[in-house]
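Structure, as structure tokens:
Here, each number is a calculation from the coordinates, and none is a lab measurement. Predicted model only: the values in this text are computed from it and were never measured. FYI the Cβ positions are ideal-geometry reconstructions off the backbone, even for glycines, and counts take in every protein chain you see.
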Amino acid sequence: MNVLVPIDGSEPSLAALEYACFNHPDAVITALYVSNVSTGQNRFIAGGSFKEWKQTEERNAEKLLGIAREKADSFDVDIEVVHEFGDPIRYIVEYAEEHDFDQIVIGNHGRDGVPRLALGSVAERVVRQAPMPVVVVKSDDSKNN
């Protein structure tokens, strides 16, 4: 079984990785971090450097994927890690399709109502668009927001 776990450094995404490691210890698990290119483009439009943003994102991804490896190690599970640039929602689904993943395990902040509508829900859109099963690990981190 091949399991894709999109991560963004949030507690819900790390909870999704824990879920995947605990429930699928013999699977090939891939932690995917997608740097949102529109964020970098916005920085460029605001007068910043896209190149500097990209370098910062690469450092952030390296750190975050290191944390993901440590989390998996605590379950005695080896994982693959991938960092890509693009639109996170579209890229997660395309990556899962192109690499024949059997399942996506994704974290959800547990927001509803107006906060969900205002921020959008990556998990919700991945569930709608992915052709394979998607397990949503819900985490209510509203006390941290």
Checklist outcome for this item: Pairing a residue in region 89-107 that is without any contact (Cβ under 8 Å) to a residue 24 or more places away in the chain with any residue that is of a type in the set (Gly, Ala, Ser), where Cβ atoms lie under 9 Å and the two sit 6 or more apart in sequence or on different chains, gives Glu94/Gly86
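If we scan region 85-96, do we find a residue that is on the phi > 0 side of the Ramachandran plot and either of a type in the set (D, E, K, R) or touching a Lys or Arg at 6+ places or on another chain (Cβ under 9 Å) (or both)?
No, region 85-96 has no match at all.
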